[in-house]
Structure formats: structure tokens, C-alpha cells
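Here's the structure we're looking at; comments come further down.
The values are calculated or read from the model by the stated rules, or taken from the named source; none is laboratory data. These numbers come from a predicted model, not from an experiment. Don't worry about glycine lacking a Cβ; one is built from the backbone with ideal geometry, like all the others, and counts go over all protein chains shown. Areas reflect the complete protein model, heavy atoms only, side chains present, ligands, DNA and RNA absent. Shrake-Rupley method; radii C 1.70, N 1.55, O 1.52, S 1.80 Å.
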Amino acid sequence: MKYPLLSVRSGLLLLLTGILPLLAPAQGTCLLVPVPLAQRVQQAALVVEARVVSQQPEQAAGHIVTRSTLDVFKVFRGQLPAGPLSLLTVGGTLGTQREIASGTLQLQVGQQGIFMLEADPTQPGELRAYAGPQGFIRYDLASLTASEPFGRYDNIQNSLYNAVIASAGTTYQELEPNSSLSGAASQRATRRQTNALQAVPPTISGFSPASVTAGTSTSTSSSSTGVLTITGSGFGAARGTGYVQFPNADDGGTSYTQPLASDYLSWTDTQIVVRVPSESASGNTTGTGQFQVALDNTGTLVATSPSALTVTYALINVNSSGTTYRVHLIGTDGMGGYTLQYASSFPAVAKPAFEQALTSWHCQTGMNRTMSATPAPSDVAARDGVNVVRFAGSAELGTGVLGVTYSYYSSCTGSSTNFRLDETDYSYTPVPIPANPNATPPTPAYNWHYDPSTQPGFQEYDFPSVALHEQGHGEQLTHIISSTGVMNYAIANGQAKRTLDGPTDIAGGKDVIAYSTSIAPAQLCTSTAFTPSTAGCPLPVVLTAFTARYQPNQGTLVSWTTASEQQSAAFIVESQDDQPGSAWQPVVRVAAAGTTPSLHQYSARDARPLAGTRAYRLRQLDLDGHVAFSPEVMIAGVATELVAYPNPAAGTVHLSGPLATGATAQVRLLDATGRCLATRRAPAGQAAFDLPLAGVPAGLYLLEWTGGPSPCHLPLEVTE
């Protein structure tokens, strides 16, 4: 599974890649920096076109790795070793254990494309992809296109081959025909001709719901928010080789990703019901955008949704033998959560940013994750029971890889199988990108920006933003396509995104925590359950003053002051009249300051007249939807004249007027001839009430009020 985060701006991307056929806009991949194709080809020891024919998980240096054996079709550069060609990728499932590493290449059996390989310095005698996920350009045989983390090639045999040949400086050596590629091209051409004469493409007329979550509905856990119903026509009576494909959140929708076979819940000619996956057939995550329905694997009969599907957040899933599982957090530190430790390699200058990110997730989602004052016993990322935070060199992480988050899982089987998160490790490279004057064109150097109180420069990557994003992976969130979410797949160099978004990041984190506490600890083979915590966190809003004052002929002025705010979205002034059956009603909404440590003053006016007493309160709304209420204040008003609100009025008018002790108020609505069109008598002692205007024609009228020391009159305009 790939985890895109960082990108470059469009002009810089083209500069760095130097690839004319790269048609996609600037996009980024999780803790990756673009490495030009020419550099990848020239620095790789071996460049081949191949297909993954088999995979085998193994244990190596404290990690689960997956050995992918390749069937090679073409050699663009280098010499093939004797025997089968294979490479190692970090992550996989071995027995009851599973490991996922962000920012690393993940492959599936049957995938094919261009592999750029180098000797693995951490595993003598083994090969790995050069520059991590950028070391593989994946083929899409249905469309005959290819994609990589930073772009897409519109034609494999033309634009991609030509670009690789130009970078290698020589043509390729063909070892065996790529029959699946040539067959796909022939089948696609034949099917196009047939379809043009006979077939009718499908049509998507609608889908429900419009907003979904990815990875919340799995083979073992159902959620209506994670299931999509697609309606239309011409889908076929059964799925066959047809499929649904969603925008790939890991590259911003440049390519598509398809659900697993088990995710299709039903398929008829007019309706498809499918889970929205975060663990897909290609190992990628579903993102926001227009999706497609294809009738067969040639990709020639395709329907595109009439509008975009919104994916609000996505959760990491574990795929074990074709069955997908949601993940439970557990308590591993005796305090109901996880304790992290700095390794000796982690610089002091990076700690404030990392801990600020830790506080954000802790206080806004309840993630029970703390830093220990005790250094880690070793400076290594491995399944060893230590949640380490460290810096590692490019020899370990790979060229262009800024960091990796390792998540280690184990399964527990009792009445059902559940996966739990045992440990997370965070590794970053100390030097993001050195200058490369030998590249064509030369590339500049980039550095980390550590200070969370200032903004990064254009030649810096913002470590506070990266730390916040990667800790989201540690909380088991994966990528979305969102302009506001921290878990968005991309952020540019020179940009900062340091505030968790309520509907996406915070809602997703709280979903993980709620799911984690939904079953007994024994079902997770532990005696310590995960315990959400916001200990030590400031209150979302510190309210220091709240007052209301009635001013005749002006209404009620409501004022309040906050000493500080944390993720505050809005204040809603509410009122309740002192009448039987009266409910709290919203009066006005005032935007809040968001997150600020400074004093802020607010005011709002309720223009309605007041006779008698009325209560006011504040409904404070956080960005994550949390609601809190202020204390109530009561005010009293004594009417000295008749007041109508609103004026002009339609449907109903609110009245208040003077009332003598022991008297009963009554109002009449008179037209120009003195004819009474509406009247109402208030309960004894009540000096404010509503007069219905239903059936009263538009025009000018006179209100007559009795019950005070003397009758009162007031003109009223009624509108339709």
C-alpha cells in the first residue's frame, strides 16, 4: 500500500522529472520527493519490464518482508542475475502477524510494469526498488497506460518505452514476448470494433450515498457509511469480468483502484452494491472523485458517474488471505495506550514539532499516545515492543524517501478473528534532498523546516505537517483527496498543513477509537484495553464572560469573551421565552476564531422586542461537531409602547406591548375601513405573543392593542 503525502508545484515537477510524456498534474506521495526518471534509470543497477508471478512473506531484520518473483520480458539496463529474479518489499503477512509500512513499494501478484532495481544495503545479496515506490511504473492493461507516484503515461509502448530508452541511452533487449500486453492491445482493438457495431455502453444514473467512508465496511465489519449503491442500466445480469474503479487517493486520482472481489455485494443489470475499499486490488485507497463502471477487463465499455463521490475519511485495513479486517488499538503501556521513545538519532530541533502533532491527535481524537522521558534502548525500527521515533539514512529508507511509518499487527482468534495494533515506529531521513548538479536539469537542495511557529520556505519540507500526517497513519488512517484534510495525499514543498480537519481527520480518528473500544480485551488477547484519553488537554473554549442586555427599540445585545479557543467553529446564540411550552430557538450564528490562545470578544443582537423575561445561552460548536453550552442568563423587559416584529410581516408577527397589573392583553388587526381581519387575546399576565396572519391579504393595516394604561396603535404592513 502506498501512502502519498508530499508533492511539488507543477512547474517544479516537470523540471524534476524531465519527462515529456508525463501528463498528470503535480502530485505527491507520502514522504517522497520526486526523483527524475533519468536519475532512476541511470542509478538503478537493473531496469526491466516484468510481471509479478509469485510472492512469499519472510522474516528479515525485525520486519516482515515480501519476496516478489518476477517474470522478465525486457531488459532496458543492466545484467540479469543467474536464477529467478526477485526483489524484497517491506510489509506483508506471516502467520498471525502483519506489517504495513508507509512510503514503501507494495506489489501484488499479476501486476506488471517497469522495475528499476538496486542492491538492498540492508539485505546483502538482495534487490529492492530504487527510490521506493518511484522504482516501479505500473501498467494498466485495460487502458494500456502506465502510472507512477508522480504521474501517468498515456501509452505504454510509445511514450513510456521512449522515455525509458532515452533515459537509458540504449534500446531494450527482449527476452520473451509480453503476451499479456500485446494480447490486451489486440483484444482492446477488437472489442472496440465489436462494441462500435453491437454493444451498448452502460449508464450510471445515480449513486447513494453521496458521501462515504473507505475501509469502514469490510469482510468482517459492516458499516452503511462504507457501502455504495450504484444505479443505472446496462451493467449486465452478473459481474463477470466487469468492475467498479474509484479514483486512487494515493496519487490524487491520477489513476484508478478497484475493490477486491469480496467487496462486491451484489451486481444486476440496473444496480451494483459495493464496499468502498481502503485495501483494494492494487493495494491503494479510494479517494474523492468520479468513479467508473466497466463491463469487462478491456476497459472499452465504461460508464463514468455523473458527479463526484466524496470520501470523507479512509481507515487502514488488514488483508489476510483475501479477507479484510478493521484494526483495533490496544493498551500496551499499562496506561491504556502506546508510549513512544526517541532514539539517539532523533534531533532535539525536531522534537517540538513531533510533540505538537502528538498533542493534536491526543486532544482532538482521544488518541492515548505519549512520549517517554526515557530514550529508546536501541536506534532501530523493528518489531521489538518499542515504539521508536528516529532518523535513518537514505541507505535504509531509499532515495527520495523522507520517512516511513511502520505499523505492526497481530491477529487473535477466539469467537472471531480480530487484528490489533501492537506497535508503531517512525523513521525519517535527516537530509531530505541534497542538491544534484549532475542531473538534467540540475536539481536544488531541500531541507526540513522544523519550527512550528513559522512557515516553511519554498526549498523546505514542513516537518510539523509531515509529523502530523504520519501520526495519522499511526492512528490507522490512510489517504484521502481533500483540500482541508491533513490526511490528504499531498502537500507541496513550502506549504504547511498543521491543523486537523474536523469532518475528515478528527472524525476518522474518533471512528478508529470507537471501534477499538467496541469489544472486550479478551477478544484481542490482551488484558489491557485501549482507553481514550484527553488528559492534560486545554478546554476547547475558555469562556470568561457572557452577558445579555435589553435596549428598548433596539433589541437584546448579547456579548461574550473567550480567553482561548481550540478548534472552535461557531457560536450559536439561542433564546427561550418565559412561556409555557417554549423551546430553545437559534437566534444568530457567529463564526468562531478557530484555534487561538488570545482573548476574543464577540457580540450579536436579537432585534425582537421583549416584554416579560427571556433566557439566552450559547451553543458552542467545534470543528469536529462537538457541542457545548454556556450558562444561561435571564433578562427582563417592560414594554412602554406597542412593538411588532418583523414589520413588514408575512405569516406571523411577534407583538409585545404595555400591560397593566392584572389586565389581559388583546390585539386586533384593522383594515382601512375599520374592519377587523384578525384578533387574539393573550393569556392573563402575558405581554408578548404571536399573531397569525394566515389569510390576511397583502396591504397596510392598523394594530390595536388593549390591556395597558391606554389603547396603543401601530401601522403594520403585511406581505404575501
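Of note:
- Total lysine pairs under 24 Å (Cα atoms) in the chain, excluding pairs fewer than 8 apart on one chain: 4
- Stretch gain in nm, segment LEU700-ARG619, where the contour uses 0.36 nm per residue and the Cα spacing is subtracted: 25.3 nm
- Residue-span extension gain [HIS600 to THR417] - 0.36 nm each, minus C-alpha spacing: 60.8 nm
- Each peptide in 251-261, 162-172 gets a packing score, the mean of other Cβ atoms within 10 Å over its residues, and the list from highest to lowest is 251-261, 162-172.
- Heavy-atom accessible area order for HIS713, HIS479, largest first, 1.4 Å probe: HIS713, HIS479
- Accessible area per residue, Å², the chain with all protein chains present, probe 1.4 Å: 39
- The simple spin-label model puts a point 7 Å past each Cα toward its Cβ; for VAL588 and GLU717 those points are separated by 2.2 nm.
- When the surface is traced with a 1.4 Å probe over the full set of protein chains, TRP560 keeps roughly 0 Å² accessible.
- Largest accessible area first, the listed residues SER575, SER182 line up as SER182, SER575 when surface is computed with a 1.4 Å probe on the assembled protein chains.
- The stretch 657-700-the stretch 312-380 distance, computed between alpha-carbon centres (Å): 66
- Charge dipole (the chain, unit charges on Cβ, about Cα centre) - positive-most of SER533, SER630, VAL72: SER630
- Residues listed by number, the stretch 628-670, amide nitrogen under 18 Å from THR547 label point at 7 Å toward C-beta: 631-637
- Sorted largest first by accessible area at a 1.4 angstrom probe radius, with every protein chain in place, the residues PHE115, PHE207 fall in the order PHE207, PHE115.
- Taking label points 7 Å from Cα along the Cα-to-Cβ direction, ALA650 and LYS351 give a separation of 6.5 nm.
- The chain: calculated mean residue ellipticity at 222 nm from DSSP helix runs of at least 4, using -39500 (n - 2.57): -3500 deg cm²/dmol
- Distance from the stretch 219-257 to the stretch 129-175 (C-alpha centre basis), Å: 27
- Positive contributions from Lys and Arg (+1) and negative ones from Asp and Glu (-1), summed over other residues with Cβ under 14 Å from the Cβ of THR526, come out at -2.
- For the stretch 50-79 versus the stretch 620-655, the gap between their alpha-carbon centres in whole angstrom: 69
- Charge tally for PRO121 (other residues, Cβ to Cβ under 13 Å; Lys, Arg +1; Asp, Glu -1): -3.
- Exposure check, 1.4 Å probe, all protein chains in place: SER527 carries approximately 110 Å² of accessible surface.
- Across the stretch 399-509, C-alpha contacts under 8 Å between residues 6 or more apart give a mean separation that, scaled by the residue count, equals a relative contact order of 18 percent.
- For THR270 and GLN459, the difference between the fully extended length at 0.36 nm per residue and the C-alpha to C-alpha distance is 62.9 nm.
- In this view, the solvent-accessible surface of GLU396, computed with a 1.4 Å probe and all protein chains in place, comes to about 70 Å².
- Label selected from (i) 87, 60, 54; (ii) 73, 54, 54; (iii) 110, 72, 58, the criterion being Cα extents along the principal axes in Å as computed here: (iii)
- Counting all C-alpha pairs of the stretch 208-307, share separated by more than 24 Å (%): 12
- Computed on the chain, with alpha-carbon pairs under 8 angstrom and 6+ residues apart, the relative contact order is 10 percent.
- For the stretch 315-468, the fraction of alpha-carbon pairs lying more than 22 Å apart is 50 percent, rounded to a whole number.
- Net charge contributed by nearby residues that have their C-beta within less than 14 Å of ASN447 (K/R +1, D/E -1): -3
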